[in-house]
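Beneath this line is the structure, given in structure tokens, with notes to follow.
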Amino acid sequence: MKLLLAWLSLAHHKTRTLAAVAGIAFCISLVFLQLGLYASVMRSALQIHEKLDYDLLLVSPDYLNLARTGWFPRQRLQQAAALPGVASALPFYTGARQWRNPETRRHLRLLVMGFNTRDHVFNLPEIDAARQELERPDVVFIDRRTRPEFGSQARGTVTEIGPRQVTVAGQYTIGTGFDFYGAAIVSDVNFSRLFEGISLDKVNLGLIRLNRDADPEAWAEALRRALPADVRVLTRAQLTALEQQYWAQETPAGMVFGLGVVLAVVVGVVILYQVLTTDITKHLPEYATLKALGYRDRFLRYVVLLKVLFLVLLAYLPALGLALVLYALIREAANLPVDMNVERAGAVLALSVLMASGTGLSCLRRLRSADPADLFGR
Amino acid sequence: MPWSRVPLAWLILTHQKRRFVLSLAGIAFAVVLMYMELGFLSALYDSQVALLQQLNADLIMSSKAKYTMAINEALPRGRLYQARAVAGVADAYPLYVDFEQPSWRNPGTRGSRPIRVLGFNPADPVFLIPEIQARAEQLRQPDTALIDRESQETYGRREQGTVTELSRRRLRVVGTFSLGTDFISHGNVVMSDKNFLKFFPSSRGPGPNLSRVELGLLKIAPGTHPGTVAGVLRTALPPDVHIQTKQEFIDQELKFWHDNTPLGYMFGLGAALGFVVGIVICYQILYTDVVDHLPQFATLKAIGYRDRFVRRVVLHEALLLSFLGHVPGLGMSYLLYGMLVRATGLPLHLPPERVLLLLGLTIAMCTVSGILAARRVITADPAEVFA
């Protein structure tokens, strides 16, 4: 009965309901858009870390992000490997170089990553299979997500990275992050050549793998005690938190998108409240009639809540659809990893339902204290 | 008479106080959203050319390979001497820029952060910023620099007298100035060319250190025209340098940021969505008002008032809503801009053009809704409405 009443009440004024649904739907889409953009900045920061095989990370105390890591002496890796829980401690090198577009001859910033090809460092079958190939002098593998402004990236392309001429021997796929529009993987020896003979003793990241069943937290502590203060030991969780904090609080992009999320939520809440209040107040005479007829407050509360839920659910599905379309658009046009996930879809739905219920109930409070006769004389 | 109708629109709108306030709030927030998104968008563009705007130059010489300030491409210093010899050129100043290498140590937390460093000859009036010119003499001392007050908080204390490290060399701050951050550099430091070369000696390419001039700033002789002198310079100098007027150089930079980054796209999308949200909300408000007062409108029609009259009342309502909703939206945006500027150092302004644009958009938004809502009344048959 309540369900039917709620539904009929909505269906009776089709246009008004449609306008309300449209308003709520666009607000929800806006929240999805801002959340997606913010999340993509965060995700970009971690894309590469996700493809690196490690349980614990050794970094210099100057570590800011993957492009600005600072360095520590290679000896620390040997010291780390001496601990019983540590299965391996491998060096990883990162830096920024200028890539020359082979056609336009323009320079663009490229993220270069180097590793010892005898080690398994990347969780990428393409790189694993190509380790011998990477050992050849002045050979690089390019990330397929490198932007087209870099020019031809096909196998066999010959160009310059920094001062050296290089050949593209293959490709892999990870993602270039928010800071860079292009990325490449090389062997450690080639890395040193690209960076004017920098010593491989200056390690940027130390990838620590622990024995099976070893507790990362416990061994992180053990390593901190064993190693001097010129290295930091981070678990994956700590690394994620560090990167996210840097991007959210120190980069203008992170701060601005973060504010965008807050704005979208505030605007969404205000407008949701406004739309629903208007709708409910419309029907106060009907509710007053029901009250006068003898229906209890609880009944009316149910009807209003059901109605509000209907509206939100009706708005949610098209909003989700629009959001997916917008995400696809941004992925294509802006090359950003904007993706929908179940947690976000669920959280937005839950938030919308919560806010809507709150609105509905607050409107009803007015009803409860009202004299049925009064409600008609408006 | 238009004036006699305004009170009717006003009375209808304000009939229910609570709903009226809510309607204004809805419009105001849609307006805030558009202001913020457009604010971010222009902060992006304004910030990237803030430094260029403050350069004392009629013409700018850059390496042909330098297509954006985001890429370091030096030009040979000799070109500056060659430029000075050309008729119409009064002077040529070198400017050194590095934002990749330098690392500033926060004196309090001891953490290091990348920072942009600008080097110039203190005898040259390179910057249009008076605070830099005033301290030029002090910059001649070894290991001294000025720092931008608007640099992000993470760089720490920065007042005159602060001693800290720049790329692991001791440095003393002899003063501050105001410029602003951008999406690449979160802080700015200015020092003499001699100090610059001492702090950052490693060359990125072949040739002596002195050749790493990033920009050549040219002043033309009085009475000459920048375009003409630029033309002469282009024929006189080798093709490895680009000669542009200051405005052309700025436009080139703006175009780069416009064409090559997703940020503009995303802020634009946010603003567009805000506009659509605004239209839907406004429509909802006006439509509800119309339907509520359908008997009254029908009565007016029965008396003999034309459709045109009714439509005009609704449109007046729309106009009132747009103005009254815009003002609190503008106020809130002003406050939010202030907060953001303090937090990020980005140049967020509220130029009159944007206020006019957004006021126009708000009016458009409400007018479209008004026209759509008015259709409902016009199609109403007076007799039916009373039945």
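The values are calculated or read from the model by the stated rules, or taken from the named source; none is laboratory data. Just so we're clear, the structure is a prediction, and the values are computed from it rather than from any experiment. For neighbour counting, all protein chains shown are included, and Cβ atoms are generated from backbone atoms with ideal geometry for every residue, glycine included.
A few points about this structure:
- Members of the range A:66-94 found to be within 30 Å of A:P148 (Cβ to Cβ), in a strand (DSSP E or B) and more than 10 Å from chain B (Cβ to nearest Cβ), listed by number: A:F92, A:Y93, A:T94
- Residue that is touching a Leu at 6+ places or on another chain (Cβ under 6 Å), small (G, A, S), in the same structural domain as A:T17 (by TED's automatic domain parsing) and buried (at least 19 other Cβ atoms within 10 Å of the Cβ), where the choices are A:A315, A:A288, A:A323: A:A288
- Condition met for B:H242 (within 14 Å of another protein chain (Cβ to nearest Cβ), under 31 Å from the mean Cα position of the chain (by Cα), of a type outside the set (A, V, I, L, M, F, W, C) and more than 28 Å from A:G254 (Cβ to Cβ)): yes
- With respect to the conditions (1) under 30 Å from the mean Cα position of the chain (by Cα); (2) within 27 Å of B:L233 (Cβ to Cβ); (3) at pLDDT below 95, B:T154 lacks only one, and its number is (2).
- All positions within the range A:328-367 that are more than 11 Å from chain B (Cβ to nearest Cβ), within 14 Å of the chain's Cα centre (by Cα) and in a helix (DSSP H, G or I): A:V342, A:E343, A:R344, A:A345
- Screening A:V269 with (1) modelled with pLDDT of 85 or more; (2) within 14 Å of another protein chain (Cβ to nearest Cβ); (3) in a helix (DSSP H, G or I) gives one miss only, at (1).
- B:I279 being within 11 Å of chain A (Cβ to nearest Cβ), closer than 22 Å to A:T278 by Cβ and surrounded by fewer than 24 Cβ atoms within 10 Å (Cβ to Cβ): yes
- Qualifying residue in the range A:145-159 (condition: under 19 Å from A:E126 (Cβ atoms) and among the basic types (K, R)): yes
- Of the helices (runs of 4 or more DSSP H) that lie entirely inside the range B:298-387, those containing 2 or more residues that are surrounded by 13 or more Cβ atoms within 10 Å (Cβ to Cβ) and either within 14 Å of chain A (Cβ to nearest Cβ) or under 31 Å from the mean Cα position of the chain (by Cα) (or both) span B:307-344, B:352-378.
- Filtered residues of the range B:241-267 (kept if of a type in the set (V, I, T) and within 30 Å of A:Q34 (Cβ to Cβ)): B:T261
- Boolean, B:A70 is of a type in the set (G, A, S) and assigned by TED's automatic domain parsing to the domain that holds B:R170: yes
- Of all positions in the range B:9-28, at least one carries a residue that is at the interface with chain A (Cβ under 10 Å from one of its Cβ atoms), crowded, with 18+ Cβ neighbours inside 10 Å and among the β-branched types (V, I, T).
- Unmet criterion (only one of (1) more than 14 Å from chain B (Cβ to nearest Cβ); (2) over 23 Å from A:Y54 (Cα atoms); (3) of a type in the set (A, V, I, L, M, F, W, C)) for A:V186: (2)
- In the range A:1-40, residue surrounded by the fewest Cβ atoms within 10 Å (Cβ to Cβ) [restricted to those that are closer than 30 Å to B:T261 by Cα and more than 9 Å from chain B (Cβ to nearest Cβ)]: A:A39
- Any chance A:K282 is away from chain B (no Cβ under 14 Å), of a type in the set (K, R) and in contact (Cβ under 8 Å) with a residue 40 or more places away in the chain: no
- Residues of the range A:95-114 that turn out to be in a strand (DSSP E or B) and in contact with a Lys or Arg (Cβ under 9 Å, 6 or more places away or on another chain), as a count: 11
Condition check ((1) under 31 Å from the mean Cα position of the chain (by Cα); (2) at pLDDT 95 or above) across all residues:
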site	(1), (2)
A:R144	yes, no
A:F150	yes, no
A:G170	yes, no
A:Y181	yes, no
A:S187	yes, yes
A:F195	no, no
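- Lone unmet requirement of (1) more than 9 Å from chain A (Cβ to nearest Cβ); (2) in a helix (DSSP H, G or I); (3) more than 27 Å from the chain's Cα centre (by Cα) for B:Y287: (1)
- Lone qualifier among A:T251, A:T240 - being among the hydroxyl-bearing types (S, T, Y) and closer than 30 Å to A:V353 by Cβ: A:T240
- Test: residue in the range A:242-260 that is modelled with pLDDT of 85 or more and away from chain B (no Cβ under 14 Å): yes
- Filtering the range A:291-308 to residues that are without any contact (Cβ under 8 Å) to a residue 60 or more places away in the chain and surrounded by fewer than 18 Cβ atoms within 10 Å (Cβ to Cβ) leaves A:L293, A:G294, A:Y295, A:R296, A:R298.
- Considered as a group, the residues in the range A:123-150 that are under 17 Å from A:R97 (Cβ atoms) and crowded, with 19+ Cβ neighbours inside 10 Å include one that is nearest to the other protein chains (Cβ to nearest Cβ), and that residue is A:F150.
- Flag for B:F267 being within 10 Å of chain A (Cβ to nearest Cβ), touching a Phe, Trp or Tyr at 6+ places or on another chain (Cβ under 8 Å), under 30 Å from A:T146 (Cα atoms) and assigned to a helix (DSSP H, G or I): yes
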